[in-house]
Amino acid sequence: MEISSANKSLAIISHKYHIQADNGFVVKGGFQTLTDEIARHFQTVDLCVPVASGNAENGRAYRDNIEVTPLPPFQGRKALLSNLPEVLSIMWRVIRESDIAYCMGPNDVGVMAMAISKLQGTKMFASIDTDRAYRVLQTEYNALEKQARYIVSKYIIYSLIRFLTKDVPVFVTGDMFMGQYKPWKQWIKTTLRADEIPPKKRPDNPSEPFHVVFAGRLSPEKNLQRLIRSIDHLSGSGNPIYCTIVGSGRLRNKLEKTVERLGAPIDFAGQIPNDELISSRFLGADLLTLPSKTGPIKHSIRL
């Protein structure tokens, strides 16, 4: 599907919960930054998300070409079902009035938006965060419930998504349930712009070890075993270097064992919020490395 978007209207359909503030919206994560960047490529954007009123501070306004169409302020599947007729009615109208729909899955709202776009014949593209499914399965369910959720996700929800997104662009983060479905493309989704990184406050100091940082998901496609071996090789060759790995994921235990076995100068910092990474200038690192085996970025950035 080929789309020229410069003069088009886009509908973004998401479950992302928003709180209305005096000076904009409060929403967790980097959703606003991502939405603003997408909106740069369209004439108008209708953002359809659940919105609650509140006394939130530190709100942030969206770009001028973004209009927010509120859905009822539901959180969770039970609350969604109780508001389902209204949610479907609003989503149907927003998608019908737009040239293109961007549907965020694999949550219920995103899948419903895919179905509505399909029924209306609206051009669409989608993104699938398979890590979300992985986090759900890591919750403390009993073994039977966990197995049931796995089966539903893999064989029902993702099969439905494959059907609804046939022949349209779909960008995937994470590797869970993705398999070898060729139309799905790995997507490196960032909510950080280069101009947001503060300037370096200190000059290079040869007496200090060179600090390398990685920030991302600890999963196979991130190629972290090679990063660990590289740091170990450089350190063993007499280069003063150390590395901090920021993030979480199912490979953490395995990666930690590799580091322990090699004795490589590498620390695991766990999850660190974006704003803290930015304010600390990626922990004061000299180099940000993204050694992923998939996607367009396969290199390092000198900070």
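The values are calculated or read from the model by the stated rules, or taken from the named source; none is laboratory data. What you see is a predicted model; the values in this text were computed from it and never measured. Cβ placement follows ideal geometry from the backbone for every residue including glycine, while neighbour counts extend to all protein chains displayed. The area values use the complete protein model at the heavy-atom level, side chains included, leaving out ligands, DNA and RNA. Shrake-Rupley method; radii C 1.70, N 1.55, O 1.52, S 1.80 Å.
Of all residues in the range 19-74, which are charged (D, E, K, R) and either open to solvent by less than 70 Å² (accessible area, probe 1.4 Å) or touching a residue at least 60 places away in the same chain (Cβ under 8 Å) (or both)?
Scanning the range 19-74 gives ASP36, GLU37, ASP46.
Is one or more of the residues making up the range 168-189 open to solvent by 80 Å² or more (accessible area, probe 1.4 Å) and at pLDDT 70 or above?
No, there is no match, as no residue in the range 168-189 is open to solvent by 80 Å² or more (accessible area, probe 1.4 Å) and at pLDDT 70 or above.
Kindly provide the set of residues from the range 78-92 that are open to solvent by 60 Å² or more (accessible area, probe 1.4 Å) and hydrophobic (A, V, I, L, M, F, W, C), ordered by number.
LEU81, LEU88, TRP92
Just checking, how many residues over the range 21-44 are in contact with a helix residue (DSSP H, G or I) (Cβ under 8 Å, 6 or more places away or on another chain) and either on the phi > 0 side of the Ramachandran plot or part of a loop (DSSP other than H, G, I, E, B) (or both)?
2
Does SER279 count as touching a Lys or Arg at 6+ places or on another chain (Cβ under 7 Å), closer than 23 Å to GLY30 by Cα and touching a residue at least 40 places away in the same chain (Cβ under 8 Å)?
No: the conditions fail for SER279.
Looking for something at pLDDT 90 or above and open to solvent by 20 Å² or more (accessible area, probe 1.4 Å) - is there at least one such residue anywhere in the range 137-158?
no
Say we look at the range 93-115 and pick out the residues that are among the hydrophobic types (A, V, I, L, M, F, W, C) and open to solvent by 10 Å² or more (accessible area, probe 1.4 Å); which of these is modelled with the lowest pLDDT?
Per the criteria, the residue is MET104.
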